[in-house]
Amino acid sequence: MLSKDEIIDILTDESKTEWLFSLADKVRKDNVGDEVHLRGLIEFSNICKQQCKYCGLRSPNKQIERYRLSEDEIIGCAENAINLGYKTLVLQSGEDDYYTVDKMVTIISEIKKYNVALTLSLGEKSYEEYKAYKEAGADRYLIRIETANKNLYRKMHPNMDYNNRIRCLKDLRELGYEVGTGCLVGLPEQTIEDLANDIIFFKEIEADMIGIGPLITHPQTPLKDEHNGSFWLALKVMALTRIMLPDINIPATTAMETLNPNGRLIALQSGANVVMPNVTATEYRPKYEIYPNKICINDNPDKCRGCISGKIMSIGRKVADTDGQSKHYSKNIK
Ligand code: SAH
C-alpha cells in the first residue's frame, strides 16, 4: 500500500508513468484476470433538479432539449440489450423526481425477471428509496463522490451537501449493494494532493467499483471557460486506484475515449477491466449531453457492442460472459 506522499510523488514524477501503467496492468491481471465485463448503459432521462457546475444536464441549462423515457421504453431498451448479450445493465439519469419509488420498483422488478445484474445511477435518494430499489432486485449502485475535498465539493455543487453524498454511500453499503463511486480529474482548483486524497477515500470506504474520468468542460455551464482535465492524469489516478484496490471493478470510462481516440483501450491496459457501452436508442443519445463530443452518439446498441468487443479482442483480452460481480464484494462484503 502506498502512502499519500508516495501517491503524490507518482502522480507528479513523469519518469514513473510507464512503470505505473505496467504495474497497474499486472495488478489487474493477477487479481481480476483478462476478462472485460460489458455493462449496457441506459441513459433514461436527462431531466435533473441539481446544478452541478460541470454537468450539461444541470437544471439552469435551458438550451438543452429534455427527454424522459417511459417505463415501457426503459424496459424495452433493457430487453434489447439483454438480447444483444449483456449480463449487466446500468440505469442512469439526472435526478428526475418523475420516477417515483413505485415507478422505479416496477422498472427494476420487470428487468430483474431476466437473468441480469442491475446497477442504478440515479443520484442522491433517501435510505427508504435505496431500500425499496434493493428489495425490488437492484444489485449495484454508482454514485461518484466527484471530489473528496469538501470545499471544492461545495463550490462544484450548489445546494448540495458533501455529508449527504457520504450518507448515500453508507446507506448503500448497509443495504448490501455493490457500491461504486469515483471522481472527476481536472476540476478547477483541484490539486494533486486532492487527487491523492480521492484515492485514499476510495480505499477507506472500501468501494467495490471506481469510475474515474477527466472533466470535459461543457459550453452551457459555469465551467465553460475552464480547461478540460488531462487524459493522462486521469489515467494515472485510475492506475493508482487499481494498485491500491486490487480486486475492484474499474471501468475504462467514456470520458477518457472522448479526450483520446484510443482512451478506453489504453485504460484497459493500465488497470481497467470494465467497459460501459451505450445501449440507449440512437435518438436520445445526443441529448444526454453531460459533456460535449460524447462518443458513439450516432451509433446504435448493436453496433456499439460489436465495435467494443472487436477492440477488446484486438488487445488479447476477452469479453466475459458472466455478470462480473466485483471480486472485492464477493470476498469481503456479501
Ligand atoms: N445523476 C447521477 C448520474 C450523473 S452522470 C448522479 O448524480 O450520480 C454520471 C457522471 O458523469 C457524474 O458522476 C460525473 O462524474 C460525470 N460528469 C458529469 N459532467 C461531466 C463533465 N462535464 N465532464 C466529465 N464527466 C462529467
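Read-outs throughout are calculated quantities, based only on the coordinates presented, and are distinct from any laboratory measurement. Nothing here was measured: the structure is a model prediction, and the numbers come from that model. Cβ sites come from the backbone with ideal geometry, for glycine too, and all protein chains shown count toward neighbours.
The Cα center of segment 71-89 and the Cα center of segment 1-64 differ in position by 25 Å.
Shown here for segment 59-143: trypsin sites (Lys or Arg not before Pro) in loop regions (DSSP other than H, G, I, E, B) with at most 12 other Cβ atoms within 10 Å, namely LYS62, LYS113.
Working from Cα pairs under 8 Å separated by at least six residues, relative contact order for segment 4-322 is 25 percent. Extension gain, LYS103 to GLU129: 0.36 nm times the residue separation minus the Cα-Cα distance gives 8.2 nm. Residues whose amide H comes within less than 5 Å of that of VAL185, counting only those at least five positions distant or on another chain, are GLY213, LEU215 (H built at 1.01 Å from N in the peptide plane).
Residues in segment 252-257 carry Karplus couplings, in order, of 7, 7, 4, 4, 5, 5 Hz; the curve used is 6.51 cos²θ - 1.76 cosθ + 1.60 with θ = phi - 60°, and Gly or Pro positions show x.
The slack in the chain from ASN293 to THR322, taken as 0.36 nm per residue of separation less the alpha-carbon distance, amounts to 7.3 nm.
The residues neighbouring VAL185, those whose beta-carbon lies less than 10 Å from its own, together hold a net charge of -1 under the Lys/Arg +1, Asp/Glu -1 convention.
Within the chain, the longest run free of chymotrypsin sites (Phe, Trp or Tyr not before Pro) that sit in a DSSP loop with at most 16 other Cβ atoms within 10 Å is 115-334. Amide H to amide H, with H built 1.01 Å from N, TYR67 comes under 5 Å of ASN46, ILE47, counting only residues 5 or more places away or on other chains.
Extension gain for the segment GLU65 to ILE192, taken as residue separation times 0.36 nm less the Cα-Cα distance, is 42.1 nm to one decimal.
Enter the Cα centre distance for the pair segment 214-276 and segment 171-203, rounded to the nearest angstrom. A separation of 13 Å, based on Cα centres.
When the helices of the chain are scored as -39500 (n - 2.57) per DSSP H run of n ≥ 4 and the total is divided over every residue, the value at 222 nm lands at -12500 deg cm²/dmol.
Shown in residue order for segment 125-135 are the 3J(HN,Hα) couplings computed by the Karplus curve 6.51 cos²θ - 1.76 cosθ + 1.60 at θ = phi - 60°: 10, 7, 3, 4, 5, 4, 5, 4, 5, 5, 5 Hz (x for Gly and Pro). In order along segment 98-112, the Karplus-derived 3J(HN,Hα) couplings, from 6.51 cos²θ - 1.76 cosθ + 1.60 at θ = phi - 60°, round to 4, 7, 5, 4, 4, 5, 5, 4, 5, 4, 4, 5, 5, 5, 6 Hz, and Gly and Pro are given as x.
A DSSP coil position with no more than 12 other Cβ atoms inside 10 Å describes the following GluC sites (Glu not before Pro) in segment 42-146: GLU65. In a simple Cβ point-charge model (Lys, Arg +1; Asp, Glu -1; nothing else charged), the chain has a dipole of about 160 debye relative to its Cα centre.
Pairs over the 25 Å Cα-Cα cut-off, from the set LYS236/LYS287; LYS29/LYS125; LYS150/LYS224: LYS236/LYS287; LYS29/LYS125. Extending 7 Å from the Cα toward the beta-carbon at both LEU2 and GLU204 defines two label points whose distance is 1.8 nm.
Taking 25 °C and 0.890 mPa s as conditions, the chain diffuses translationally at an estimated 124 µm²/s according to Stokes-Einstein applied to its Kirkwood radius (Cα pairs). Residues within the reach of a label modelled at ASN151 (point 7 angstrom out along Cα to beta-carbon, backbone nitrogen below 12 Å), restricted to segment 175-200, are 189-191, 194. Its relative contact order, with pairs defined as Cα atoms under 8 Å and 6+ residues apart, puts segment 114-203 at 34 percent.
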